[in-house]
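Read the figures in this text as sums done on the coordinates, not as results from a lab. Given the structure is predicted, the values throughout are model-derived calculations rather than measurements. Counting neighbours? That spans all protein chains shown, and the Cβs are built from the backbone with ideal geometry, glycine included.
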Amino acid sequence: MEDKQTNIKNNKSSNFRQLANKSLQRGSIVALLIAISPYLFYLHQNVPKEQIWHTFLFTYDSKYFGDASTAMWILTSKILPLYLLLIWFFTCRQWWYHTLIIPITMYAYQTISMLNDDLTYIDHSKQLLFLIPIMAIIIPSIYLVRARIFNKINEANKSLQDLEDELRVTPKSFWGKIRSYF
């Protein structure tokens with residue numbers, strides 16, 4: 001009987017260590033992705049200040065911006081916040097993390113608009129029209145979740161932390177989290 005209990009304790013301890021190692025590895029990868037973000041921002045300095053930029057992969061003709069360096073500077077200023085927001089979105093375990101979809105959509109739209117050479121303004125007010133349907137879904141759903149939390153607080157003697165833990169989404173894998181959105 002004692003051997004069986006010892007085996008169960010050893011298995012639990014082993015599972016905990018494996019889980020802790022996985023968590024440490026994932027956390028290290030996320031920390032590395034965030035730590036390299038300043039270097040990613042300054043990649044535009046390696047682009048020549050010419051209208052046409054030739055590389056072995058592609059040729060970029062900067063018609064609107066005049067030179068490729070300016071175009072890549074604007075592109076990195078749109079992609080880097082998008083990159084950091086996506087990291088935050090996929091690693092956040094709070095109940096409100098879906099609100100991050102709104103700035104993610106905004107930066108994605110600006111990035112796509114920037115790549116359109118015929119565009120005269122990058123940041124214009126029409127992008128709000130594209131965000132309205134997304135905001136119409138996200139904001140009320142977040143408000144409803146918040147209302148549920150406060151109703152449960154008033155009905156029960158739970159702390160806010162207990163309710164956040166109840167609503168926290170914890171998929172088993174990165175792909176599991178991605179699949180939960182579709």
By the C-alpha gyration tensor axes a ≥ b ≥ c (rounded if a/c is under 1.5, else prolate when a/b exceeds b/c, else oblate), the shape of segment 24-125 is oblate
Pop a pseudo-label 7 angstrom from the Cα along the beta-carbon direction at both Glu50 and Ile132 and give the gap in nm to one decimal. 4.6 nm
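Work out the FRET efficiency for Trp96 and Gln18 from their Cβ-Cβ distance, taking R0 = 30 Å, and round it to the nearest 0.05.
On the way: r = 31 Å, r/R0 = 1.02.
It comes to 0.45.
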